[in-house]
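Single-structure report; data block below.
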């Protein structure tokens with residue numbers, strides 16, 4: 001299972017040049033659970049790096065993110081993957097952030 005996850009992450013990293021990258025956390029913070037739609041997210045963030053549709057009808061959009069380190073501007077930016085979950089009705093349910101190690 002761990003090998004599958006690592007393989008998926010490598011694949012996503014290779015595809016990252018084709019997708020948009022989140023560079024402003026305020027944009028993501030503006031999405032409201034239970035209200036913002038998947039179409040609105042795509043209109044704001046652009047094409048996701050990956051879409052994953054679950055058998056129960058829920059789905060996830062995965063985006064790269066590259067955000068400035070506001071706590072310590074002298075250090076490296078924070079980079080990784082952000083997964084946004086949508087319900088069967090296409091409404092935003094929440095997100096997960098996966099930061100890459102520096």
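The values are calculated or read from the model by the stated rules, or taken from the named source; none is laboratory data. Since we're looking at a predicted model, the values are computed, not measured. For neighbour counting, all protein chains shown are included, and Cβ atoms are generated from backbone atoms with ideal geometry for every residue, glycine included.
Here residue 60 fits the description: surrounded by 12 or more Cβ atoms within 10 Å (Cβ to Cβ), in contact with a strand residue (DSSP E or B) (Cβ under 8 Å, 6 or more places away or on another chain) and at pLDDT 95 or above. From the list 15, 4, the one residue that fits, being over 21 Å from residue 79 (Cβ atoms), at pLDDT below 60 and not in a loop (DSSP other than H, G, I, E, B), is 4.
Cβ contacts < 9 Å: first residue more than 19 Å from residue 81 (Cα to Cα), restricted to region 30-46; second residue in a loop (DSSP other than H, G, I, E, B), any location; separation 6+ or different chain. Result? That search, which allows pairs on different chains as well, returns 34/87; 36/30; 37/89; 37/90; 39/90; 40/31.
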